[in-house]
Amino acid sequence: FIQDFSKAMSQAGSSQFQEVIRQELEYSMKVELDKILATAHSNEIEHTKKDLEGFKKLFHRFLQEKGPSVDWGKIQRPPEDSIHPYEKIKARGLPDNIASVLNKLVVVKLNGGLGTSMGCKGPKSLIGVRNENTFLDLTVQQIEHLNKSYNTDVPLVLMNSFNTDDDTKKILQKYSHSRVKIYTFNQSRYPRINKETLLPIAKDVSYSGENTECWYPPGHGDIYASFYNSGLLDNLIAEGKEYIFVSNIDNLGATVDLYILNHLMNPPNGKRCEFVMEVTNKTRADVKGGTLTQYENKLRLVEIAQVPKAHVDEFKSVSKFKIFNTNNLWIALSAIKRLQEKNAIDMEIIVNPKTLDGGLNVIQLETAVGAAIKSFENSLGINVPRSRFLPVKTTSDLLLVMSNLYSLNAGSLTMSEKREFPTVPLVKLGSSFTKVQDYLRRFESIPDMLELDHLTVSGDVTFGKNVSLKGTVIIIANHGDRIDIPAGALLENKIVSGNLRILDH
């Protein structure tokens, strides 16, 4: 009994001790944030205050949470009726009044990211993807085509970050005559925190010059609060808009789908969904993608970061969790407003560790937009074709979308009918191709890839004009060597290695 008693006391002591530490950390954080706020100009105070309040809430939750945020034992496969096959939704056809349905829609693109991973400065959405068109150009063309075809007024909303806002706004002037109303709002700006002290590294509100590394946009889960805070949500509801279609601006497959929209607005059972997540079947390339599960009787998105170490392999298994989240989401505006006003949107915190240029270890607290699915009523997954997931994260992805595998029509890319099978080739370009400008310099023209299954390129390799690649092609230039693939070459099921210089006489 005495042993049990002392054990209980020491446990109580440690939890009390932890509580004291937590309170001290929160107090220290509050003091630092107040100091930062005090440096704001009068015109910045209002929104800086909102940002720091939001951050404080997130920090409070971060201190409360322990370890991976899911109990693996409670994770179940989602029930059959909670994920609908796209074919079934398409089979319903479209009503005659599809224009009136379209007029209730708003397209939202997540535009907070920079093109740094592809060696570009400025917003990723301004990288040229196809025939000089950028991600943003293609998005505007798609919606303009929709508005012209159906005589509708679907607006485009861009969620920018403090990193992308200025450059994006400058570019938007070129669309002033297009048939698309474009609105922007900014996601929050949160302070990065020192991993050791758990205090902000920023000393004042400025975020230019040497202070750029002190701040970060807190992931796309921030859309609910910042959309609401911007006042745009209320304005759109007042205009009679009912749903937003949210997607990453670098996902070229995320076009407005009329069948899904009709399913939302005219549900077969009469009960509207507040949240629809497009999922698609996993391939070996997607094992890290978040998956939809059933958890405590709700649909829940589980990301790899939340999975206890011992279960990561099981999570990655293509047989147990067959689908992953494309981050194409359809959400009811009235539901966002209701939940935001009740402070009832619950998203797991993603702790993202970073090392700054000077070697300082920091953490940034983020959330993911799809994680809110469990807070909405009557949520649904729709298992869509792979063609709705065409993200461009690397120059290997860029090569695919620039090639003749796809044709471009009114801003939308569709797989060429000349390709015999609907899957995309696996392309791996080495580090000499990472930056967009290097990549472009290495291709005189984009090869014919209609019959390609697999391409691996490593080292100093260049491609002449009108090269054709078929089957499996592997090209490896060893260190110090260079391989020039000559103009007009056909490589079919070939491995090329060593040193190959083509001399033009």
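So which of Lys35/Lys57; Lys74/Lys354; Lys74/Lys322; Lys121/Lys288; Lys49/Lys181 end up more than 20 Å apart, counting from Cα to Cα? As for pairs spanning more than 20 Å Cα to Cα, those are Lys74/Lys354; Lys121/Lys288; Lys49/Lys181. The orientation-averaged projection of the convex hull spanning the C-alpha atoms of segment 237-307 amounts to 7.4 square nanometres. In the chain, the portion of solvent-accessible area held by carbon and sulfur atoms comes to 51 percent [1.4 Å probe, whole percent, DNA, RNA and ligands not counted]. Between Glu420 and Thr462, the modelled labels are 3.4 nm apart [label points 7 Å from Cα along Cα→Cβ].
If R0 is 35 Å, the Cβ-Cβ spacing of Ile237 and Trp72 corresponds to a FRET efficiency of close to 0.35.
Taking only complete DSSP H runs, can you tell me which helices of the chain stretch 20 Å or more along their own long axis by Cα positions and average at least -1.0 on the Kyte-Doolittle scale? Correct list, ordered by number: 2-38, 45-64, 135-150. Taking every C-alpha pair closer than 8 Å and separated by at least 6 residues, the mean separation divided by the residue count of the chain gives a relative contact order of 15 percent.
Normalised by the number of residues in segment 163-262, the mean separation of alpha-carbon contacts (under 8 Å, six or more apart) gives a relative contact order of 22 percent. The distance from the alpha carbon centre of segment 397-422 to that of segment 332-390 is 30 Å, rounded to a whole number. Once the 1.4 Å probe is applied to the protein heavy atoms, the chain comes out at 49 Å² accessible per residue. Please list, by residue number, everything in segment 269-310 whose backbone N is under 13 Å from a paramagnetic label point 7 Å out along Cα→Cβ of Arg92. Under cut-off, by backbone N: 269-274, 276. Note on the chain: Cα-only Rg and Dmax are 25.0, 95 Å.
Here's the picture: charge each Lys and Arg Cβ at +1 and each Asp and Glu Cβ at -1 in the chain, and of Ser319, Leu333, Leu110 the one pushed furthest to the positive end of that dipole is Ser319. For segment 395-497, the Kirkwood hydrodynamic radius from C-alpha pairs, put into Stokes-Einstein at 25 °C and a viscosity of 0.890 mPa s, yields a diffusion coefficient of 177 µm² per second. Straight-line cross-link partners of Lys465 among the aspartates and glutamates, defined as a Cα under 19 Å from its Cα and at least 8 positions apart when in the same chain: Glu132, Asp438, Glu444, Asp448, Glu451, Asp484, Glu492, Asp504. Placing pseudo-labels 7 Å out from each Cα toward the beta carbon at Lys50 and Glu377 gives an inter-label distance of 2.7 nm.
The values are calculated or read from the model by the stated rules, or taken from the named source; none is laboratory data. It should be emphasised that the depicted structure is a prediction, and the values quoted were computed from it without experimental measurement. Neighbour counts are summed over all protein chains in view; Cβ atoms, including those assigned to glycine, are modelled from backbone coordinates with ideal geometry. We work out accessible area using only protein heavy atoms, side chains counted, and drop any ligands, DNA or RNA first. Shrake-Rupley method; radii C 1.70, N 1.55, O 1.52, S 1.80 Å.
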